[in-house]
Protein chains: 2
Amino acid sequence: MPVRSDVIETDGRQRVVIEGVWPEIDAGRFPIKRVVGEPVVVEADVYGDGHDRVAGVLRWRHHAESAWRETRLEYVDNDRWRASFTPDALGRWCYTLVAWVDRFQSWAHDLAKRVAAGQDVRVDLLIGAELVAAAAARATGADAERLRAMATVLREGGDAAVALALGDELAQLMWRHADRRFATAYDRELCVVVDPERARFSAWYELFPRSTAREPGRHGTFADVMARLPYVRDLGFDVLYLPPIHPIGRSFRKGRNNSPTAAPGDPGSPWAIGGPEGGHTAIHPELGTLDDFRRLVARARDLGIAVALDLAFQCSPDHPYVREHPEWFRWRPDGTIQYAENPPKKYQDIYPFDFESDAWRPLWEELNRVVRFWIAQGVQIFRVDNPHTKPFAFWEWLIADIKRDHPEIIFLSEAFTRPKVMYRLAKLGFTQSYTYFAWRQTKQELTEYLTELTQTPVREFFRPNFWPNTPDILTEQLQRGGRPAFVTRLVLAATLSSNYGIYGPAFELLEHRPLEPGREEYLDSEKYEIKCWDWDSPTSLRELIARVNTIRRQHPALHSNERLRFHPVDNDQLIAYSKQSADGADLLLVVVNLDPQWRQSGWLTLPLAELGLPADAPFTVHDLLDNARYRWQGPTNYVELHPHERPAHIFLVQS
Amino acid sequence: MPVRSDVIETDGRQRVVIEGVWPEIDAGRFPIKRVVGEPVVVEADVYGDGHDRVAGVLRWRHHAESAWRETRLEYVDNDRWRASFTPDALGRWCYTLVAWVDRFQSWAHDLAKRVAAGQDVRVDLLIGAELVAAAAARATGADAERLRAMATVLREGGDAAVALALGDELAQLMWRHADRRFATAYDRELCVVVDPERARFSAWYELFPRSTAREPGRHGTFADVMARLPYVRDLGFDVLYLPPIHPIGRSFRKGRNNSPTAAPGDPGSPWAIGGPEGGHTAIHPELGTLDDFRRLVARARDLGIAVALDLAFQCSPDHPYVREHPEWFRWRPDGTIQYAENPPKKYQDIYPFDFESDAWRPLWEELNRVVRFWIAQGVQIFRVDNPHTKPFAFWEWLIADIKRDHPEIIFLSEAFTRPKVMYRLAKLGFTQSYTYFAWRQTKQELTEYLTELTQTPVREFFRPNFWPNTPDILTEQLQRGGRPAFVTRLVLAATLSSNYGIYGPAFELLEHRPLEPGREEYLDSEKYEIKCWDWDSPTSLRELIARVNTIRRQHPALHSNERLRFHPVDNDQLIAYSKQSADGADLLLVVVNLDPQWRQSGWLTLPLAELGLPADAPFTVHDLLDNARYRWQGPTNYVELHPHERPAHIFLVQS
């Protein structure tokens, strides 16, 4: 329906209230998130004074369009109304609501009651004729003509007039030409950021390019990474995330195992960005050239893999910015630059930017230029290092500015910090976010955390990305739990969250040695040295990972977290949950043994009716991991899992 | 602390976020409510990026003041902060928040850690000296001088400098002269409407003045009402609410029991307002004169009773407005004015105003004038008839406009309609509201309803007023439940809600005959005839009512609903709840037998620690209704209530 040009007056005759609009984050301060083709269902309380009927529309448009499109609000109950629209293009979309007292509907509703009571309705039909004639005056062309004719019929009265008054044709015409003079426009325009599908459904693989050489001791290159791409594709990942690929500083360079002094030949941490060869837009010479990098990105894309870069906005003391822009750093009274600290710890190899610098604006612009530089090389995904240590306003501006020109770009927030800060970063623009998943391990912890992420307003703006490990996080569970712990954490990450990732090949090779007991740092961490991995180890989890990623791709139920439901099992070591596709056709049930040591069994109860399963007939659960099939019947069925044989089920449920 | 004059810049260096502010209704669209002397506790999430410390203030002022007062925010947990202020005058008050990164506190906090780790802090002390010198430049007078001296000490270094740096004096001075250049001001100013104490704590008595004559058949007068005032005072009520006191229309006047035709001498409904003698600012001649009315108001005030008038914005066909302002009514095509209807029912004795009239503005002004007219006669409380059938915008404007000049005025909303509409009316200004109490009768219904009213955001804007009966509402429970039902509904209303009322003397005289079975209308309703009540009937509940109202007055626990708690009893016919005063000193426990027929008993469990009661020593519960005392011990104790002997306990709990 085209949008009306009526001027909506703000006057005392605007009798309709619109409130309780959902989704709406912080009174409209922040957008919600969707992917292309995903519906936005909008609800609101809409009501007026007295007993008159109200009517209204959801208005929506792409940010770049000026005209609103409209969808009629449908009544739910208790003064709640609903309508939806489905964005079909990337970028920002807007939505709002308009509602009004519908005098025609009120009149028709009352007329029906009067007729049913056998009252004389001659005067009422005359009142209706006035309403219809007024609509005719608002309409043009055939509608106007038809409405004029109908007003005449009403004026004449009798059974024909009553039939016309209560019929569909008049109702439709009166809806099209409703009297919106005193309509109430909701006082906020709300936003939805529409991202590519990969924002909601992605499988990430992180590797250090310098550790991809076939021969021990050699520094890996982009060419080596290219040779690894088929491996990554066969594992089923569609994002390849590379830690920083820039020149690494020499001053205060860290040695192996984070030693404060580097030995000759130690490569340093890739996060100590910047050297004589350049800074954030330069390539570490030993990795190759910018051309090599572009070739890698293109080849990956051919294999269905997007290369993700690391945005770590900090400098080594040797970064060109230190010389060219001393005003972007904080200076100490002794004439040195303030290095990173967490007193009493000192990180003298890293200079943070001073975002309170008077020159904050050129600094913002320059960092924006860095992002645009890499977009120009074909990069569409950025994993952002420690965004919570830079100002919120900076990220909001940067991400909005970039996405205005490049709505396809994905930013992953690497903020492991307090919950409100993590949610704030998501609200102000980050497409995906790291989470507390690594530390949510018991059934209760997982259930509570996933309920918060998927069943509260958080779901509208925070897209979780679950990582069982990262180069900084080797949980005690993985250190001690052996292969069963790796398998179950993989299955949990990959099925609880539609976005997940692993840091490999440490993960598939079951790397679990900590720097020291009680620490989550890896022993001989790749952050400080070049590794040569045994990619083809017979104990690798690569086949299982490939299987899980295939299941993810083939089953739409796993492409979102929207219909995640936990199901009771009478054993706290067994966790069970299902995901269902939007159309209900694809139903997966996952059962995981959280105990890496012992066989666990229990009775699992499913809400059959809610899941669309028969109450009184058997149904099949088909384990997509090992192809076993079981016939179940009724809501409660037996499950048993052995950590070393079969630590998890991923069931396809079929009735 | 006086307010600072710093200009708060909006720039990229504002690093602090203020969000999740509470109380805040609909993003600040509506005010919250308090009474004079009642604190406003404000909480917010306040945090910045990185690890710097943040600090902030709650700002607040009376609407009529231009300068803010400030109270420092105290940390609660999880990035939550809190401060409070206590309005000490009627009217609108505003509050908001300001917060900033506190570089001095961050520095001092880090310095303590460095010192503890035995690090060389000479450069750090120089950094501190710069911060202190900058504060000295912001300060004046003695503070500036002292800060300059302290900067010198810090510059000199050594143990004296460290002691100074970590001491209280410097912290206090630096707080007073904090660097607020990049402070974040919360982007909303929130409002609280501060009402007189009676807005929160009141006992209402409704009577029909025309039924106050001593002799049967005579029309009561204001003089008769004056003679009744000692009765009302002895019952313990402090608001006397009179149905409309204006001339009553003749056209289509209703007869006894709402008969469509009045017999000669039938007085008509007081809500059919307006006759040849005048309209909304006139007095029904048989009641007396305006002077008589003013005398009544003054005499009532001397007895501690406020007279409340009924604002029923509608007209009889004989109202002067019909002749003088035909544009304020809706005209039908047959040349008649649209009367009130609920098809197929017709109320031809009532003309509603047409608030969609082009002349809506003069109509609003005139109704405003009506309210001000009665305020000029000494009226301070209005019970508003059916506000939900007039536009929301009208009420918001009217109440705000009146309360701007007369902040002491109380408006009670008589909207028995859908929950969102009732809450909206409260949000937009009504001081108190009628509720669903009459129809909440089981333990579960009462518990759920009171929980909604007192434990959710509703408590901030909706002040319930509980009525067991009204001239329109005689519940089936009262029709059938006999004296025990009247007693228990009185005790529930008077103790669950700090505002309550009864329609008397029907209530105390146990009037319970319905017009017909299944209807809530009274037989021979006073709305359509003059009654002569047997005020001194020996079966009257007047002594019980007086006792309950005395208990209410004497016990601060019953002056608010803020600390209402329900307590489990293992018998669904027994409901138990406590209320406690703000200081905890006054603790009342109410137990009511909801069964009007049978003795009920059960075990009641109290959360002793939460209530400040001893876990391992006896305590006394003293029934203030009949002076019985019981020794209880431990959380669980026995209760037993007989409907005809003692249907309820109101215990004073003393340890």
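Which pairs do you get when a residue that is in contact (Cβ under 8 Å) with a residue 24 or more places away in the chain, found in region A:444-462, comes within reach of a residue that is of a type in the set (Gly, Ala, Ser), reach meaning Cβ atoms under 6 angstrom, with the pair 6+ apart or on two chains?
Qualifying pairs under 6 Å: A:PHE461/A:ALA426; A:PHE462/A:ALA426; A:PHE462/A:SER433.
Among the residues of region A:401-421, is there at least one that is part of a loop (DSSP other than H, G, I, E, B), among the acidic types (Asp, Glu) and touching a strand residue (DSSP E or B) at 6+ places or on another chain (Cβ under 8 Å)?
Scanning region A:401-421, I find at least one residue that is part of a loop (DSSP other than H, G, I, E, B), among the acidic types (Asp, Glu) and touching a strand residue (DSSP E or B) at 6+ places or on another chain (Cβ under 8 Å), so the answer is yes.
Anything in region B:346-356 that is more than 13 Å from chain A (Cβ to nearest Cβ) and of a type in the set (Asp, Glu)? List them, or say none.
B:ASP349
So which of B:ARG233, B:ARG253 ends up being assigned to a helix (DSSP H, G or I) and either charged (D, E, K, R) or in contact (Cβ under 8 Å) with a residue 12 or more places away in the chain (or both)?
B:ARG233
Which condition breaks for B:ARG180 when tested against (1) under 30 Å from B:ASN561 (Cα atoms); (2) part of a loop (DSSP other than H, G, I, E, B); (3) open to solvent by less than 20 Å² (accessible area, probe 1.4 Å)?
(1)
Condition test on A:TRP374, is it within 14 Å of chain B (Cβ to nearest Cβ), part of a helix (DSSP H, G or I), open to solvent by less than 10 Å² (accessible area, probe 1.4 Å) and touching a Ser or Thr at 6+ places or on another chain (Cβ under 9 Å)?
The answer is no for A:TRP374.
Specify the residue that is least open to solvent (accessible area, probe 1.4 Å); the eligible residues are those in region A:88-111 that are in contact with a helix residue (DSSP H, G or I) (Cβ under 7 Å, 6 or more places away or on another chain) and in contact (Cβ under 8 Å) with a residue 40 or more places away in the chain.
Result: A:LEU111.
Condition test on A:ALA117, is it modelled with pLDDT of 95 or more, closer than 14 Å to A:ARG188 by Cα and either facing chain B (nearest Cβ under 10 Å) or open to solvent by 40 Å² or more (accessible area, probe 1.4 Å) (or both)?
So A:ALA117 fails the test.
Does any residue in region A:354-375 that is of a type in the set (D, E, K, R) come within less than 6 Å, Cβ to Cβ, of a residue that is open to solvent by less than 30 Å² (accessible area, probe 1.4 Å) six or more places away or on a different chain, and which pairs are these?
Matching pairs, first to second residue: A:ASP354/A:PHE329; A:GLU356/B:ARG13.
What's the total number of residues in region A:301-340 that are farther than 14 Å from A:TRP374 by Cβ, among the small types (Gly, Ala, Ser) and under 30 Å from the mean Cα position of the chain (by Cα)?
1
Residue by residue through region A:357-371, note down the ones that are under 15 Å from A:ALA312 (Cα atoms) and either within 11 Å of chain B (Cβ to nearest Cβ) or assigned to a loop (DSSP other than H, G, I, E, B) (or both).
A:LEU363, A:TRP364
For region A:192-210, which residues satisfy the criterion of being surrounded by fewer than 20 Cβ atoms within 10 Å (Cβ to Cβ) and not in a loop (DSSP other than H, G, I, E, B)?
Scanning region A:192-210 gives A:GLU197, A:ARG198.
For region B:624-638, does any single residue satisfy the condition of being aromatic (Phe, Trp, Tyr) and open to solvent by 30 Å² or more (accessible area, probe 1.4 Å)?
Scanning region B:624-638 turns up at least one residue that is aromatic (Phe, Trp, Tyr) and open to solvent by 30 Å² or more (accessible area, probe 1.4 Å).
Please work out if B:TRP439 is more than 14 Å from chain A (Cβ to nearest Cβ) and either of a type outside the set (Asp, Glu) or touching a residue at least 60 places away in the same chain (Cβ under 8 Å) (or both).
yes
Here is a yes/no grid of residues against (1) within 30 Å of B:VAL121 (Cα to Cα); (2) at the interface with chain A (Cβ under 10 Å from one of its Cβ atoms); (3) among the basic types (Lys, Arg); (4) touching a residue at least 24 places away in the same chain (Cβ under 8 Å):
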residue: B:VAL57; (1), (2), (3), (4): no, no, no, yes
residue: B:ARG61; (1), (2), (3), (4): no, no, yes, yes
residue: B:GLU65; (1), (2), (3), (4): no, no, no, no
residue: B:THR86; (1), (2), (3), (4): no, no, no, yes
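Please state which of the following conditions B:GLU215 fails to meet, knowing it meets all the rest: (1) more than 27 Å from B:TYR434 (Cα to Cα); (2) in contact with a strand residue (DSSP E or B) (Cβ under 6 Å, 6 or more places away or on another chain); (3) open to solvent by 10 Å² or more (accessible area, probe 1.4 Å).
Condition not satisfied by B:GLU215: (2).
May I ask you to list the residues in region A:318-337 that are closer than 16 Å to A:ASP358 by Cβ, within 13 Å of chain B (Cβ to nearest Cβ) and part of a loop (DSSP other than H, G, I, E, B)?
Result: A:ARG330, single match.
Can you say whether B:TYR186 is in contact with a strand residue (DSSP E or B) (Cβ under 8 Å, 6 or more places away or on another chain), aromatic (Phe, Trp, Tyr) and open to solvent by less than 10 Å² (accessible area, probe 1.4 Å), as far as the supplied structure shows?
No; evaluated as a whole, the condition is false for this residue.
Find all pairs meeting these conditions: Cβ atoms under 6 angstrom apart; at least six residues apart or on different chains; first residue within region B:17-44 and at the interface with chain A (Cβ under 10 Å from one of its Cβ atoms); second residue buried (at least 16 other Cβ atoms within 10 Å of the Cβ) and among the acidic types (Asp, Glu).
Pairs found: B:GLU19/B:ASP45; B:GLY20/B:ASP45.
Kindly indicate the residue of region B:409-426 that is farther than 20 Å from B:VAL194 by Cβ and more than 13 Å from chain A (Cβ to nearest Cβ) and also surrounded by the most Cβ atoms within 10 Å (Cβ to Cβ) among those meeting that condition.
Only one residue tops the list, namely B:GLU414.
Could you go through region B:147-161 and let me know if any residue there is in contact (Cβ under 8 Å) with a residue 60 or more places away in the chain, part of a loop (DSSP other than H, G, I, E, B) and either under 30 Å from B:PRO244 (Cα atoms) or within 14 Å of chain A (Cβ to nearest Cβ) (or both).
No, the conditions are met nowhere in region B:147-161.
Let's see how each residue does on (1) open to solvent by 30 Å² or more (accessible area, probe 1.4 Å); (2) closer than 30 Å to A:GLY249 by Cα; (3) charged (D, E, K, R):
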| position | (1), (2), (3) |
| --- | --- |
| A:TYR436 | yes, no, no |
| A:GLU445 | yes, no, yes |
| A:THR454 | no, no, no |
| A:PHE466 | no, no, no |
| A:ARG483 | yes, no, yes |
| A:SER498 | no, no, no |
| A:PRO505 | no, yes, no |
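Sort out which residues of region A:569-607 are more than 25 Å from the chain's Cα centre (by Cα), outside any strand (DSSP E or B) and buried (at least 17 other Cβ atoms within 10 Å of the Cβ), and write them in order of number.
A:ASN571, A:GLN573, A:LEU594, A:ASP595, A:PRO596, A:LEU606
Taking region A:343-353 as the search range and keeping residues that are free of Cβ contacts under 8 Å to residues at least 40 places away in the same chain and assigned to a loop (DSSP other than H, G, I, E, B), which one is surrounded by the most Cβ atoms within 10 Å (Cβ to Cβ)?
The extreme case among them is A:PRO343.
From the list A:ALA312, A:ALA300, A:ALA340, A:ALA308, pick out the single residue that is small (Gly, Ala, Ser), in contact (Cβ under 8 Å) with a residue 12 or more places away in the chain, open to solvent by less than 50 Å² (accessible area, probe 1.4 Å) and within 14 Å of another protein chain (Cβ to nearest Cβ).
Result of the check over A:ALA312, A:ALA300, A:ALA340, A:ALA308: A:ALA340.
Keeping to region A:261-285, report how many residues are crowded, with 16+ Cβ neighbours inside 10 Å and not in a loop (DSSP other than H, G, I, E, B).
Result for region A:261-285: 3.
The values are calculated or read from the model by the stated rules, or taken from the named source; none is laboratory data. Model, not experiment: these values are computed from the prediction. Here the Cβ is made from the backbone with ideal geometry for all residues, glycine too, and neighbour counts use every protein chain on show. Calculation scope for accessible area: heavy atoms of the full protein, side chains included, ligands and nucleic acids excluded. Shrake-Rupley method; radii C 1.70, N 1.55, O 1.52, S 1.80 Å.
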